[in-house]
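Presented below is the structure to which this report refers.
The values are calculated or read from the model by the stated rules, or taken from the named source; none is laboratory data. Since this is a predicted model, take the numbers as computed values, not measurements. FYI the Cβ positions are ideal-geometry reconstructions off the backbone, even for glycines, and counts take in every protein chain you see. Only protein heavy atoms, including side chains, enter the accessible area calculation; ligands, DNA and RNA are left aside. Shrake-Rupley method; radii C 1.70, N 1.55, O 1.52, S 1.80 Å.
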Amino acid sequence: LHSDIDSGDGNIKYILSGEGAGIIFVIDDKSGNIHATKTLDREERAQYTLTAQAVDRNTNRPLEPPSEFIVKVQDINDNPPEFLHENYHANVPERSNVGTSVIQVTASDADDPTYGNSAKLVYSILEGQPYFSVEAQTGIIRTALPNMDREAKEEYHVVIQAKDMGGHMGGLSGTTKVTITLTDVNDNPPKFPQSVYQMSVSEAAVPGEEVGRVKAKDPDIGENGLVAYSIIDGDGMDMFEITTDYETQEGVVKLKKLLDFETKKSYSLKVEAANVHIDPKFISNGPFKDTVTVKISVEDADEPPVFLKPSYIFEVQENAASGTVVGKVHAKDPDAANSAIRYSIDRHTDLERYFTINAEDGNIKTIKALDREEIPWHNISVFAVEVHKQHQEAKVPVAIKVVDVNDNAPKFAAAYEAFVCENARSNQQFITISADDKDDSANGPRFIFSLPPEIIHNPNFTLRDNRDNTASVLVRREGFSRQKQDLYLLPIVISDGGLPPMSSTNTLTIRVCGCDSNGSLLSCNAEAYILNAGLSTGALIAILACIVILLVIVVLFVTLKRQKKEPLIVFEEEDVRENIITYDDEGGGEEDTEAFDIATLQNPDGINGFIPRKDIKPEYQYMPRPGLRPAPNSVDVDDFINTRIQEADNDPTAPPYDSIQIYGYEGRGSVAGSLSSLESATTDSDLDYDYLQNWGPRFKKLADLYGSKDTFDDDS
């Protein structure tokens with residue numbers, strides 16, 4: 001750079017700014033020369049915009065306005081062509097015509113396409129000839145040979161080159177690999193590897209069982225190699241069938257019907273294998289099918305007996321006598337030996353043993369009478385076995401229908417109870433009845449309703465047969481009264497339509513009820529009607545009030561009387577109480593003092609802090625029943641104790657002890673005196689206790705304590 005005012009005396013200084021200034025580009029501030037400090041790459045940046053200015057070296061005052069200029073980087077061929085992908089994959093159908101487009105590959109060059117031939121590319125094929133070619137300008141790969149066969153070679157590897165400088169000497173180049181696969185077309189028909197197949201099958205085989213397999217080979221793949229098999233001819237077309245196993249591409253020969261070795265021992269089939277999908281472009285290569293002969297031999301087998309029918313249906317009348325023939329089943333041995341057959345009934349299907357079968361001829365008979373209303377159908381199974389080969393058996397279902405006879409009379413369909421109003425009008429219908437018959441419809445409806453002959457002129461009610469298996473009951477007269485009669489029993493005769501017909505007499509209960517003017521029921525109770533007619537509501541209330549007052553008076557009287565009663569407990573020194581303990585366990589005898597805690601038994605509630613009975617004043621005075629009090633010299637102590645126990649058990653004020661009864665008060669002036677040993681030991685008594693010796697072993701202890709008192713005194 002140079003300024004016009006620069007006189008060369010060094011007073012002018014050049015300054016450079018802009019893109020890359022000071023880094024890529026530098027300027028000599030005295031001469032104005034601009035230099036590049038590093039190698040430039042056009043593909044990285046094609047041009048730079050810079051600004052230069054001349055200023056005074058001493059004052060940095062601009063001497064001229066800034067000047068802008070552009071530095072362009074000129075391209076050279078320093079970048080080779082590059083393909084978009086390192087590897088390409090393409091498919092093309094086999095047997096495609098020459099020139100069929102396979103794929104287009106594209107390469108790019110980073111050099112400047114506007115400057116020279118650095119970016120002008122030319123495509124060429126390095127590997128893959130003579131099967132494929134490439135267009136030099138577009139990079140389109142095309143087939144170069146006709147009738148390429150996938151079955152011969154399926155995959156090809158092609159190398160394509162792209163070169164710049166228009167392909168001339170010195171140009172740079174790049175390559176890519178293209179894998180081309182031939183796709184399959186249906187150009188091959190199926191072929192059987194052999195002309196005849198031999199198979200065998202047992203006559204015991206069941207329909208659907210596989211006999212054998214055939215396979216036609218087709219080198220095509222996918223749907224082009226699918227083969228369908230069919231039987232097109234042969235004497236076994238009705239006995240056998242063939243299906244296609246698409247997983248293995250085999251034809252499966254199966255049995256269609258049961259075979260009989262004794263009837264026919266071999267069969268022949270003509271089987272065809274054909275492609276499922278045919279390409280019309282290659283129809284001239286056909287036919288796309290092949291045939292083969294299949295010969296099947298039948299092997300003899302020991303067969304079980306065979307019934308002449310797959311099932312049997314018989315009929316027998318109900319109530320038929322025991323031994324009545326129901327029907328006959330028949331089976332035979334299909335083998336050449338034609339063994340004898342024996343028959344039996346599967347008892348799991350005839351648990352009640354209604355039927356029996358003749359083992360020789362298969363005749364089925366009844367064992368006992370049958371009731372259609374109980375079981376209308378009997379389904380049993382009959383076995384047939386060979387006499388000499390018990391393991392060979394056959395089974396057939398036998399359905400036996402029990403034919404109905406008219407053995408049930410019709411009855412009311414429900415438990416009818418009719419209601420008729422006292423104010424019912426003459427000929428007024430008040431109920432419709434129907435009937436049921438357990439017999440079949442042929443011996444049931446139509447039902448005929450009528451009144452017995454002896455009451456055909458019933459003065460109260462009449463019957464009308466509606467001729468639709470129902471009947472209506474009507475009022476014949478007016479003016480019913482519950483006081484006179486509140487219940488009527490009307491017998492009705494019902495006959496069925498069977499041959500011979502059966503009939504029964506059913507009783508209809510009719511109650512007389514009170515109704516309002518609209519005919520709605522109010523009451524059907526005759527007693528309630530009479531009560532309402534005799535007493536008004538006010539009278540009933542007065543009666544109830546009197547009853548309540550009487551009850552209150554009784555309660556007050558009982559309460560006052562209880563308060564005047566002398567208390568049961570009298571706290572005087574001469575009153576002695578003793579508890580009588582009763583328990584069932586005898587323990588170790590009279591000397592056993594460890595079996596029971598007597599203190600606890602005397603007052604079991606005392607352990608838990610319960611207040612003893614002697615401190616409680618009973619709220620209710622129990623009046624003991626008068627009984628015999630034995631004299632001191634009497635021996636009826638058992639009666640005395642039992643009487644007291646019974647009184648305590650019935651005393652509502654006594655504590656509910658299970659095994660302990662407490663006698664807290666013996667009463668005043670008792671002629672029997674006290675039995676307490678406590679008082680006897682501390683007071684002088686003139687009583688003679690020798691009679692205790694006569695009371696038996698139960699009072700031996702008392703006799704020892706008191707009976708020998710005089711003896712002890714004499715000894716002392």
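Okay, here's what the table says:
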item: Cleavage-rule hits, GluC sites (Glu not before Pro), segment 150-205, DSSP coil, Cβ neighbours within 10 Å at most 16; result: Glu151, Glu154
item: Long-range amide H partners of Phe447 with built H, under 5 Å; result: Asn469
item: Rounded to 5, percent antiparallel among DSSP beta bridges of segment 82-183; result: 75
item: Histogram of C-alpha separations across segment 186-321, 5 Å bin width, %; result: 2, 9, 17, 17, 13, 10, 8, 6, 5, 4, 3, 2, 1, 1, 1, 0, 0
item: Rg and Dmax [Cα atoms of segment 82-183; Å; Rg one decimal, Dmax integer]; result: 14.6, 51
item: Qualifying lysines (Cα of each under 29 Å from Cα of Lys177; at least 8 residues distant if same chain); result: Lys120, Lys153, Lys163
item: Accessible surface of segment 411-523, 1.4 Å probe, proportion on carbon and sulfur as whole %; result: 49
item: Residues of type lysines that Lys368 reaches as a straight line, Cα spacing below 21 Å, ignoring anything fewer than 8 places off in the same chain; result: Lys328, Lys401, Lys438
item: J(HN,Hα) series, segment 137-147, from Karplus relation 6.51 cos²θ - 1.76 cosθ + 1.60, nearest Hz, glycine and proline x; result: 8, 9, x, 7, 8, 10, 5, 10, 10, x, 6
item: Centroid-to-centroid separation of segment 118-132 and segment 239-318 [C-alpha atoms, Å]; result: 60
item: Rounded D (µm²/s) - segment 12-72, Kirkwood Rh over Cα pairs, Stokes-Einstein at 4 °C, 1.567 mPa s; result: 106
item: For segment 228-240, Karplus couplings with θ = phi - 60° (6.51, -1.76, 1.60), whole Hz, Gly/Pro x; result: 10, 10, 8, 9, 10, 6, x, 7, x, 4, 7, 9, 10
item: List Asp636, Asp149, ordered by accessible area with a 1.4 Å probe, largest first; result: Asp636, Asp149
item: DSSP-loop GluC sites (Glu not before Pro) across segment 39-140, with at most 10 other Cβ within 10 angstrom; result: Glu44, Glu86
item: More than 23 Å apart - percent of Cα-Cα pairs taken over segment 306-403; result: 24
item: Over segment 264-335 - Rg/Rh using Cα atoms and the Kirkwood inverse-distance radius; result: 1.45
item: Per-selection metrics, segment 411-523 (Cα): Rg and Dmax in Å; result: 15.2, 48
item: Sparsely packed chymotrypsin sites (Phe, Trp or Tyr not before Pro) within segment 195-287, loop by DSSP, other Cβ within 10 Å at most 13; result: Tyr246
item: Above-threshold pairs, the threshold being 26 Å between Cα atoms, out of Lys295/Lys332; Lys257/Lys395; Lys257/Lys309; Lys217/Lys265; result: Lys295/Lys332; Lys217/Lys265
